[in-house]
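Since the structure comes first, as structure tokens, the remarks are kept for the end.
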Ligand SMILES: O=C(O)c1cccc(C(=O)CC[C@H]2O[C@@H](n3cnc4c(=O)[nH]cnc43)[C@H](O)[C@@H]2O)c1
């Protein structure tokens, strides 16, 4: 007799409703081939607010409610649009984090920026499970590297160079990943971060933003994601997909 496989429960946290809807559209129209697998899984897609504090609060609330209802989540995924570092992550591409880094949590000193960990408080980095995150990046054809969480969007070439210098290999910046990851870590749940690039990290240029293109890339990515996660034994179509607002 084979062991029954419990369906996986996944919490996807976006910032805004447009990102949530792009994700649910992809999950409801899985890419060809992923329907061959039979076990079921459930995905909740929550628009939890912009910025690390809103993201942490909404993620922690969702995780605590699920645990209270005895339906805990197995995986949390921070998802949305983001700024891409050139040349790794051009507009319209997708990135997957190998590390989720709080890039502006710390202290400015005459000798430069000191991360919060070096000040002796907590951590400024969470590491997604490496085998899973690498596999998801491969399945999505995504760039793979650190994704930075910032509270202030980069708007100059100098700041972009400073961040790249401090975080070699960084592929993107956004504003929620570290907040989601802190809540996931507090609940003992693994975390991933997936971003679709809407703009380049660098001098502010609102006219160059491609939000529609990035949302379409998120939908395509989430059409492929269930099959990628199925290789890890649990999540497989047909999926139960629920959209929420935090
Ligand atoms: O007004 C601006 O110049 C500006 C530039 C980039 C982003 C914003 C936002 O208010 C959007 C924040 C929202 O989108 C994510 N996001 C998208 N691109 C970036 C970025 O380059 N750096 C940081 N966050 C970005 C972010 O996760 C928020 O959810 C305004």
On the given criteria, is residue 147 modelled with pLDDT of 95 or more, in a helix (DSSP H, G or I), within 16 Å of the ligand (Cβ to nearest atom) and under 27 Å from residue 215 (Cβ atoms)? no
In the stretch 92-107, anything within 16 Å of the ligand (Cβ to nearest atom), within 15 Å of residue 194 (Cβ to Cβ) and in a strand (DSSP E or B) is listed as 94, 95, 96, 97, 100
When you scan the stretch 194-246, how many residues do you find that are away from the ligand (no atom under 16 Å from the Cβ), closer than 24 Å to residue 17 by Cα and either assigned to a helix (DSSP H, G or I) or at pLDDT 95 or above (or both)? 8
Those residues that are in a loop (DSSP other than H, G, I, E, B), more than 19 Å from residue 221 (Cβ to Cβ) and away from the ligand (no atom under 13 Å from the Cβ), I need them from the stretch 49-91; list them, please. 69, 70, 71, 72, 73, 74, 87
Evaluate the following for residue 163: is it modelled with pLDDT under 95 and either farther than 15 Å from residue 82 by Cβ or within 15 Å of the ligand (Cβ to nearest atom) (or both)? no
Checking residue 6 against (1) modelled with pLDDT of 95 or more; (2) more than 12 Å from the ligand (Cβ to nearest atom); (3) farther than 19 Å from residue 219 by Cβ; (4) surrounded by fewer than 21 Cβ atoms within 10 Å (Cβ to Cβ), which single condition isn't satisfied? (1)
Could you tell me which numbered condition residue 145 fails, if it satisfies all but one of (1) crowded, with 19+ Cβ neighbours inside 10 Å; (2) more than 22 Å from residue 20 (Cα to Cα); (3) in contact (Cβ under 8 Å) with a residue 60 or more places away in the chain? (3)
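Check whether at least one residue in the stretch 183-192 is more than 14 Å from the ligand (Cβ to nearest atom), closer than 19 Å to residue 93 by Cβ and not in a helix (DSSP H, G or I), and report yes or no.
yes
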Give the stretch 104-138 a look and list any residue that's in contact with a helix residue (DSSP H, G or I) (Cβ under 6 Å, 6 or more places away or on another chain) and crowded, with 19+ Cβ neighbours inside 10 Å, or say none. 105, 124, 126, 136
Residue pairs, Cβ under 7 Å, 6 or more apart or interchain, first in the stretch 95-108 and without any contact (Cβ under 8 Å) to a residue 24 or more places away in the chain, second part of a strand (DSSP E or B). List them. 106/113; 106/114; 106/115; 107/114
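The values are calculated or read from the model by the stated rules, or taken from the named source; none is laboratory data. These numbers were taken from a predicted model, which means no experiment stands behind them. Note that we place each Cβ from the backbone using ideal geometry, even for glycine, and neighbour counts take in every protein chain shown.
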